[in-house]
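Every read-out reported here was derived from the displayed coordinates using simple, explicitly stated rules and does not represent laboratory data. These numbers were taken from a predicted model, which means no experiment stands behind them. Neighbour counts run over all protein chains shown; Cβ positions are idealised from the backbone, glycine included.
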Amino acid sequence: MTTVGTFRTLALSPPGRRVGSLLRHPRAARVLSWVGFVAAWQLVVPFLPTDLVPTPSEVAVFMWNELRMETVAPHTVYESFSLSFQRLGVGLFLAFAIGVPLGLLMGLRRWADWFLHDFVVVGLAMPSLVWALVAGMWFGFGDLAPVVTVTLAAVTFVVINVAEGVRNVPKELLDMSGAYGVSRYATIRHVIFPSLMPFFFAALRYGLANAWKGLVLAEVWASTEGAGWVIKFWYDAHRSQGIVGYALFFIIVAIFIERIVFGRLSRWVFRWRPSDDRRTPEPEATDRDEAVPAAVPAATPGRQ
Amino acid sequence: MQTNLRPRRPAAPPSPGGDERAARRRAERRARWLWRIAGYVFFVGLWQFTSSFLVADFIVPPPAVILTEMWDIIASGQVWVHFGATLRTIAIGFAIAFVLGSATGLLMGRSRWWEAFLSDWVMATLTTPGLIFALVTAMIFGLGPTGPIVAVVVTSFSYVTVNVVEGVKAVPRDLTDMARSFGRGPAQILRHVYLPFLAPYFFTATRYGFSIAWKIATLAEVIVGTAGIGFMMRQQFQQFSMRGFLAWVLLFFAFALFLERVVLQRRMRHVLRWRPEVAR
Amino acid sequence: MATIKVTDLRKEFVTDTSTVVAIENVSFEVGGHEFVSVVGPSGCGKSTLLNILSGIESATRGTVDITEGDRQAKLGYVFQSARLLPWRSVIDNLLFVQSTRGPQVRARCERYLDMVQLAHTARQYPGQLSGGMQQRVGIARAFSIEPDLLLMDEPFSHLDAITARSLRRELHAMWQETRKTVLFVTHDVSEAVELSTRIIMLARGGRLVADLPVELPFPRDPASDAVALARADLLRRFESLDLLAT
């Protein structure tokens, strides 16, 4: 005979357990992991057989000096990144200028899809390294090779996403607009365009990510300035804190673009979507962690 | 009294309609192949035209030259040496990454604490450009195969982890509840509910991780390889030999496509045969 | 034939902002060859009650004793959706919940599959079956562990009316044949009248408001006057109880 028992879940935890439950909080885990990681890195480096691994403090000092424009590299971090961004912007603009018409054609006409599909797939799968090296061989050292690399690395993402978006325009909404006699302009403006938006976003996001990788590689092998080239400079100078420091700049920029630019933009564009935090919490949402059941014994009447 | 439930008009005899539909489908398939071939002809023609009339041969070599170059690479046996080297790097690196990533993914998917502990680092490795890992490992391990292997482990690890976490979080609660209410233990739930459910996620992880592994392996070889596809690409690049470079890239493509489409997808169809759309 | 004894059962869900009472001090007893329906509007805690009885959830307060003679009773569960493992064949789904292995266990599973007329699908995957067939596999699975008590959570509510009707008939036959105790949760009063020997009514907030025997002879034809009258009588009674007040 089993008993579920008499429990009160809302009992206050004794003070001794409060510290423990504080540590069990996910936010504590996050803080712990940062502190632990940096501390471990700093402490382990002196014992490594190589002196090519930088300590966090070395990296921090390097980054701080870079930000104050004190650097032995020929260009400051601001100059390098702004040059790279200009190349990225021009290349992406070209990618959209070429990719959007092609994508529309492929989405609207089946023969265009059959004609181009295999080449688009090859373009999607092509490592950006290949684009960078090809562009380097074709155009030599200068601005042209990085820009062409960006365009080549991004254009297939634009084409495939626009084509997919055109095919996904909800037919029942088009039929509804037709049934109510909505004008052609209004249909494009209010039905087709909004349903294409997510695909434009996907094109921009993936195209940008791939283009950025290609750009850095093109700058390494086919340029004499830009963020990628500076990384190569630190590599040749055997200054690993330079590489790690620049990597952190890259991550900061990536997070900035992802969170601030894309986050804001998509929240504004998709403001009509029901947001996640408006959903009411479900009563049975219990903690998946093993920490909680200690207070409530898992009773299994009828079995055990 | 008669009911109104019987069909009003006799169903049309099935054969003509079926024939018509089949004929239309055949015509469509023919059109698709014609356009496809037209696409290939157009691009190869454009290529040939560019190299014979617009630019010098060494900038855009004609297709036939590339083909003979590819044949030379295969016939001389070079292709096996370098593909073997790259494949070995990928196989070792990805195997390690898969085991580590699956374990980490299970841990992160099951426990919020561990998810919070690790997610920043997984995200960081995901967003760091592969070049950074290639350069840092190159600096630490120098010339030779170790650097590329470590670079492959670090980059493909996070792809595996992210996919497994996603899968673990999506494991249907109603099935685990069902298994528990029939008294099944954790080991059985892991084996019969979790693992089969996660199989497609493992495959996605493998596909993404694998394509990343290819790229990072060649990139690392471009920098510090002493053999491998990337090493050959660098050699051709340094000699400004467009001919050799394109030949290696095309071979690389053929091989990667074969591995992904044929080997991996066949395996996937076998494991996912319970799905109605696969069984068909 | 098991005995269920529920005493002063209470269940609260605590969220960050509020406490929701799902079941409020419910007591009842079920025993023997009974088919008890728990009826009530949605959100009255019916499913929670079943989850507590089966051990998926734990109670905030109160006791639940489910016994068979002097030992613990064995439970079989039929869910609202079939909850079959889609990657295992039908027969493997039945074998998955067995606590022992062996040829006689397999034979037993096959017998129960045959009882729901699905012996021919044993080697197929659930995805190849219709919704009604999947639910029949779910019922066969619950019977196949030869439980003392069957818990059923609105098992027919996802099915179309015709399939549901034939499944009700099948379930009734199996209950008559195996003489199990059944606790059946539903929001459908007609279904409860057609199948059960007793009806327990819950109101919003998990209060037990009525516990009535259904004294009609089996088989009950849902179209017959007797069943229609009983249903009408029941509905009238329930309307007077103000079930939606919290």
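Going down the table (C:LYS11/C:LYS74; B:LYS169/C:LYS180; A:LYS171/A:LYS213; B:LYS169/C:LYS5; A:LYS232/B:LYS169), which pairs top 32 Å between alpha carbons? Could the numbers behind the result be given before it?
Numbers: C:LYS11/C:LYS74 23 Å; B:LYS169/C:LYS180 37 Å; A:LYS171/A:LYS213 37 Å; B:LYS169/C:LYS5 37 Å; A:LYS232/B:LYS169 40 Å.
Listed pairs above 32 Å: B:LYS169/C:LYS180; A:LYS171/A:LYS213; B:LYS169/C:LYS5; A:LYS232/B:LYS169.
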Quiz item: GNM, chain C, Cα, under 10 Å: largest mean-square fluctuation among C:VAL185, C:VAL90, C:VAL26?
Solution: C:VAL26
Quiz item: Average partner chain C-beta neighbours within 10 Å, per residue of A:46-53?
Solution: 2
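For a Förster distance of 35 Å, can you work out the FRET efficiency between the beta-carbons of C:HIS158 and C:LYS5, rounded to the nearest 0.05? Mind dumping the intermediate values first?
On the way: r = 31 Å, r/R0 = 0.89.
Computed FRET efficiency for C:HIS158 and C:LYS5 comes out at 0.65.
Using Cα pairs closer than 8 Å and at least 6 residues apart in sequence, work out the relative contact order for chain C, in percent.
Working: 460 pairs, mean separation 66.7, N = 246.
Reported as a whole number, the value is 27 percent.
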Quiz item: Which of C:GLY206, C:GLY69, C:GLY31 moves most in a GNM of chain C, Cα contacts under 10 Å?
Solution: C:GLY69
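Before anything else, pin down the relative contact order of chain B: Cα pairs under 8 Å, at least 6 apart, normalised by residue count, whole percent. Don't skip to the answer; put the middle values down first.
On the way: 266 pairs, mean separation 61.7, N = 280.
Once divided by the residue count of chain B, the mean separation gives 22 percent.
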Self-check item: Zone residues, the stretch C:123-153, relative to C:LEU95, backbone N less than 13 Å from point 7 Å out along Cα-to-Cβ
Solution: C:123-124
Self-check item: In nm, spacing of pseudo-spin labels at A:ALA97 and B:ILE92 (7 Å Cα→C-beta vector)
Solution: 4.8
Practice problem: Springs between alpha-carbon atoms under 10 Å, Gaussian network over chain B: tell me which of B:GLY101, B:GLY244, B:GLY39 tops the mean-square fluctuations. | Solution: B:GLY39
Quiz item: Near C:LYS46, which aspartates and glutamates are there with a Cα under 15 Å away, not counting those fewer than 8 places off in the same chain?
Solution: A:GLU284, C:GLU12, C:GLU24, C:GLU57, C:ASP153, C:GLU154, C:ASP188, C:ASP211
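Quick check on chain B: helices-only [θ] at 222 nm, where DSSP H runs of length 4 and up contribute -39,500 (n - 2.57) each and the sum goes over total residues. Nearest 500, please. Walk me through the numbers before you get to the answer.
Numbers: 13 runs with 215 residues, N = 280.
Taking each H run of at least 4 residues, the total per residue is -25500 deg cm²/dmol.
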Quiz item: If you take every DSSP beta bridge whose two residues both sit in chain C, what share of them, in percent to the nearest 5, is antiparallel?
Solution: 55
Quiz item: Can you give the mean number of other chain Cβ atoms that lie within 10 Å of the Cβ atoms in peptide A:79-86?
Solution: 0
Quiz item: Could you give the nm distance between label points at B:GLN265 and B:TRP71, where each point is 7 Å from its Cα heading toward the beta carbon?
Solution: 2.9
Quiz item: FRET efficiency for B:VAL55 and A:HIS190, Cβ-Cβ distance as r, R0 = 41 Å, nearest 0.05?
Solution: 0.30
Exercise. Hydropathy first: keep DSSP H helices in chain B averaging at least 0.0 on Kyte-Doolittle, then drop any whose Cα extent along the axis falls short of 27 Å, and list what survives.
Key: B:78-110, B:146-170, B:195-224
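Under the classification rounded if a/c is under 1.5, otherwise prolate if a/b is larger than b/c and oblate if not, where does chain B fall, given a ≥ b ≥ c as square roots of the Cα gyration tensor eigenvalues? Display every interim value, and only then the final one.
Working: a/c = 3.04, a/b = 1.15, b/c = 2.63.
Here chain B falls in the oblate category.
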Quiz item: How many nm separate the modelled label positions at A:HIS238 and C:GLU177, each set 7 Å beyond the Cα in the direction of the Cβ?
Solution: 8.5
Practice problem: Would you kindly compute the Cα radius of gyration of chain C and its largest Cα-Cα separation (Dmax), both in Å? | Solution: 18.2, 55
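If packing is taken as the average count of other Cβ atoms within 10 Å, what order do A:178-191, C:6-19, C:32-45, A:102-115 fall into, highest mean first? All intermediate terms of the calculation are to be shown ahead of the outcome.
Details: A:178-191: 10.9, C:6-19: 15.0, C:32-45: 20.2, A:102-115: 18.6.
Sorting A:178-191, C:6-19, C:32-45, A:102-115 by mean packing, highest first, produces C:32-45, A:102-115, C:6-19, A:178-191.
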Exercise. Order the peptides A:229-236, B:214-221 from the highest to the lowest mean number of other Cβ atoms within 10 Å of their residues.
Key: B:214-221, A:229-236
Quiz prompt | For the protein assembly as shown, radius of gyration divided by Kirkwood radius, i.e. Rg to Rh on alpha-carbons | solution = 1.04
Quiz prompt | FRET efficiency for B:ARG25 and B:ALA254, using Cβ-Cβ distance with R0 set to 30 Å, rounded to 0.05 | solution = 0.45
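Nearest 500 deg cm²/dmol is fine: what mean residue ellipticity at 222 nm does chain C get from its DSSP H runs of n ≥ 4 alone, each adding -39,500 (n - 2.57), divided by its residue count? Intermediate values should be presented prior to the final figure.
Working: 7 runs with 84 residues, N = 246.
That comes out to -10500 deg cm²/dmol.
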Quiz item: Other chains near A:251-258: what is the mean number of their Cβ atoms within 10 Å of each residue's Cβ?
Solution: 3
